[in-house]
Amino acid sequence: MLFYLPLVLGFFISFLAVIPPGLINMTAAKISLQQGKNEAISFALGASVIIFFQTFIAVLFARFINKHQEIVSTLQEIGIFIFSLLSVYFFWIAKKPKKIKTDSRVKGKSNRFFLGMLLSTLNLLPIPFYVFASMTLAASGYFSFDKIPVSEFVIGVMIGSFTVFYIYIVAFKKIENKTEFLMRNINTIIGSVTTFMAVLTLFKLLYK
């Protein structure tokens, strides 16, 4: 395994995970438009710090699970059920998301760093996501749960997340039309991903 591979993988996985319009990156863009680039960067740094710790917790949890194969099998079976339900939800039940209103005001200028930390703390989805991501990479031989690969992966995730926030901060006006396209089609995109994950997990269980 290449020495810097976990860093690169962490960067690209987080970049792809965060790039769709979400609460944190859209808030960073709004702060940039309304209060300036420096305030938005402070917000993004606060959010990235929390993502660092969330990813670290996720990888530690994944390492524990990885040492208990009976848990892995059970989680895979549960995962098929969950991914299937999510696929049904996003394809047939979920309504199309509303257009993002970019003219809403983000009140106050103080403690943007801590606001970023707060919003990132309230978002718990990165923990199960990076548990699954790190376990999948480990099973494929591209990652190990040793100290150095774990440190590189966590740092890569943090840098990748901050990079996306920075792109939204400096280029939101240019990519606004693309974000609206993603929001109109996000349910289909997520449904496709969850369907793929359900099929992949089922395949692993049948042919392990």
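Residues in region 138-143 carry Karplus couplings, in order, of 5, 5, 8, x, 9, 7 Hz; the curve used is 6.51 cos²θ - 1.76 cosθ + 1.60 with θ = phi - 60°, and Gly or Pro positions show x. 3J(HN,Hα) couplings calculated from phi for region 38-50 with the Karplus curve 6.51 cos²θ - 1.76 cosθ + 1.60 (θ = phi - 60°) are, in sequence order, 5, 5, 5, 5, 4, 4, 5, 5, x, 5, 5, 4, 5 Hz; Gly and Pro show x.
Label-to-label distance, Ser140 versus Glu77, with points set 7 angstrom from Cα along the beta-carbon direction: 2.6 nm. Distance between the 7 Å Cα→Cβ label points at Ser151 and Lys67: 2.0 nm. The string of couplings for region 19-31 from the Karplus curve (6.51, -1.76, 1.60, θ = phi - 60°) is 4, x, x, x, 4, 6, 5, 6, 5, 4, 5, 5, 4 Hz, one whole number per residue in order, with x for Gly and Pro. Annotation for Leu118 and Phe203: the two label points, set 7 Å from Cα along the Cα-Cβ direction, are 4.5 nm apart. If R0 is taken as 35 Å, the Cβ-Cβ distance between Gln34 and Leu125 corresponds to a FRET efficiency of 0.85.
None of the figures in this text is laboratory data; all of them are computed from the coordinates on show. Nothing here was measured: the structure is a model prediction, and the numbers come from that model. With ideal geometry, Cβ positions are generated from the backbone for all residues, glycine too; neighbour counts draw on all protein chains shown.
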